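Readers should treat all values here as calculations from the given coordinates under stated rules, not as data from a laboratory. Because the structure is a prediction, the values reported are computed rather than measured. Every residue, glycine as well, gets a Cβ built from its backbone with ideal geometry; the counts of neighbours run over all protein chains shown.
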Amino acid sequence: MILSDAEILESIERGDIKVDPFRRECLGTNSYDVHLGRTLGVYKDSVLDAKKHNSIETFEIPDEGHVLTPDNFYLGVTLEYTETLKHVPFLEGKSSVGRLGIDIHATAGKGDVGFCNFWTLEISVKKPVRVYHGMPIGQLIYFKIEGAILNPYNQKPSAKYNEIKPIPVESMMWKNSF
């Protein structure tokens, strides 16, 4: 079941969900709008290797915006820091963003119970498009879960994305054994 606006607010008041900064006008009927942070990243290498640490270069979006191009893949970050302690958060793109040809995630739309961080966005575009720091970029939808949580994400020793960073974080696939 998806949380309604009233249930999201109640969960925030109880401390089960945290959004910082929280702005009441960003609360939708059954979601919360998140915004594009100031920093974007691009991989340094043209060929990525799943068994290697692929480094990124980060840069700030200037006030006049930055043009994303289809020949590149960008990592972005949400302006908002979030904590979700008793629900499963899903990050989806806003329809207005999709209608500009912007995809905000390739595969990682679902968070885990216990995710406490900024969201790294996996951004690709269909056509050149100018984006701006602080623009609405996505929406968080919260699902109720059944049963007890034995292993929240923020307590897993194997969790690769627990270090709190307000900048995009590159793939940590290389930390897996395969």
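Could you list, in sequence order, the residues of the stretch 164-178 that are of a type in the set (D, E, K, R) and more than 14 Å from the chain's Cα centre (by Cα)?
The one that is of a type in the set (D, E, K, R) and more than 14 Å from the chain's Cα centre (by Cα): K175.
Can you report the number of residues in the stretch 169-178 which are assigned to a loop (DSSP other than H, G, I, E, B) and surrounded by fewer than 12 Cβ atoms within 10 Å (Cβ to Cβ)?
Count: 3.
Any idea how many residues of the stretch 50-70 are free of Cβ contacts under 8 Å to residues at least 12 places away in the same chain and either closer than 18 Å to L121 by Cβ or touching a helix residue (DSSP H, G or I) at 6+ places or on another chain (Cβ under 8 Å) (or both)?
Residues in the stretch 50-70 being free of Cβ contacts under 8 Å to residues at least 12 places away in the same chain and either closer than 18 Å to L121 by Cβ or touching a helix residue (DSSP H, G or I) at 6+ places or on another chain (Cβ under 8 Å) (or both): 0 in total.
Looking only at residues in the stretch 141-163 that are β-branched (V, I, T) and in a loop (DSSP other than H, G, I, E, B), which one is farthest from the chain's Cα centre (by Cα)?
Filtering the stretch 141-163 for residues that are β-branched (V, I, T) and in a loop (DSSP other than H, G, I, E, B), the one farthest from the chain's Cα centre (by Cα) comes out as I149.
State whether one or more residues within the stretch 54-67 are of a type in the set (A, V, I, L, M), surrounded by 12 or more Cβ atoms within 10 Å (Cβ to Cβ) and in contact with a Lys or Arg (Cβ under 9 Å, 6 or more places away or on another chain).
Yes, the conditions are met somewhere in the stretch 54-67.
In the stretch 79-101, which residues are among the charged types (D, E, K, R) and either outside any loop (DSSP other than H, G, I, E, B) or farther than 12 Å from H35 by Cα (or both)?
Selection gives E80, E83, K86, E92, R99.
I need the full set of residues from the stretch 110-134 which are buried (at least 17 other Cβ atoms within 10 Å of the Cβ), out of contact with any helix residue (DSSP H, G or I) (no Cβ under 7 Å at 6 or more places or on another chain) and part of a loop (DSSP other than H, G, I, E, B), in order please.
Residues satisfying the conditions are G111, H133.
Say whether the condition of being surrounded by fewer than 18 Cβ atoms within 10 Å (Cβ to Cβ) and in contact with a helix residue (DSSP H, G or I) (Cβ under 7 Å, 6 or more places away or on another chain) is met by at least one residue in the stretch 89-108.
No.
Identify, please: which residue in the stretch 135-168 is touching a Phe, Trp or Tyr at 6+ places or on another chain (Cβ under 6 Å) and among the hydrophobic types (A, V, I, L, M, F, W, C) and is, among those, surrounded by the fewest Cβ atoms within 10 Å (Cβ to Cβ)?
Ranking the qualifying residues of the stretch 135-168, first place goes to A159.
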